[in-house]
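See below for the structure under consideration.
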Amino acid sequence: MTSAPAQNRTTPDATPRPGSSARAFWSRRSVRIVGGALVPLVILAVWQAVTVSGLVPAYLLPAPGAVLQAAIQLAESGALWLHIAISVQRVFLGFAVGSVIGLAAAAVVGLTRVGDILLSPTLAAIRAIPSLALVPLLLLWMGIGEDSKVTLIAIGAFFPVFTTVSLALRQVDARSVEMARSFSLRGFALFRTVQLPAVVPSIMAGLRLALAQSWLFLVAAELLAASMGLGWLLSESQYNGRVDRILLAIVLLALLGTLSNGILSMVQKYLLRRWI
């Protein structure tokens, strides 16, 4: 009995899967960049249209050109770069301190039963306290200098990291841990080999949430006690009735938050390739 001709033979890989071409299209970098810029461009066009047409008075919503002009004026005087540099420094200092402490606390709570019993109720109670309620105490204890602002931002960064990572550590597959222990892995060797790779995605997710939270807490800190920074620019522009500078500060905060999140996203992709 002869076999079928070779040209009539088909393999499962020869037929493209339904929807694979569409997924490949939407995963292209150029498509993601253009798609991500589409909504901001639409918002900008609508903003320009409602201001030019007079639907919204200029004293309530200045045109995009007026906001750009305010940015140019502050940049020429050097004040804009100083506001940005001070705010970025505060965010990254607070983010670094809060994240490191959050990772340490998550390891204690997630890896030890004693730590979970002793620390979880207290940290849950502290987390329920509104951030603005801590400001008077921080100002009283640390003054209006940088320490109080960085501490408030660190508190904001601490809880996303702690909550995400501690929960992930408690949910590591027990069978994988037991198998590793059967190969005499204990302590740090067990953590590095089994538990850390399992929680790397959660660590990065917690860090990205913490960074976003840090920018929110920055504004709270600078609105209440600061003489420079983007949060202070918001407050000072409100008192002076400079809506163009208020919008400028909001746009800058959005751009800086997006940029910092993009940097952390690249770090996440590298670590996932390294550990997963």
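Do the conditions hold for Val56, that is, is it without any contact (Cβ under 8 Å) to a residue 60 or more places away in the chain, open to solvent by 70 Å² or more (accessible area, probe 1.4 Å) and more than 29 Å from Leu211 (Cα to Cα)?
Taking the combined requirement at face value, the residue does not satisfy it.
A single entry from Leu190, Leu218, Leu223, Leu185 fulfils the requirement of being in contact with a helix residue (DSSP H, G or I) (Cβ under 9 Å, 6 or more places away or on another chain), open to solvent by less than 50 Å² (accessible area, probe 1.4 Å) and modelled with pLDDT of 75 or more: Leu218.
The values are calculated or read from the model by the stated rules, or taken from the named source; none is laboratory data. Predicted, not measured: the structure shown is a model, and the values here were computed from it. Reconstructed Cβ throughout: ideal geometry from the backbone, glycine too, with neighbour counts over all protein chains shown. Surface areas here come from the heavy atoms of the whole protein model, side chains and all, with no ligands, DNA or RNA. Shrake-Rupley method; radii C 1.70, N 1.55, O 1.52, S 1.80 Å.
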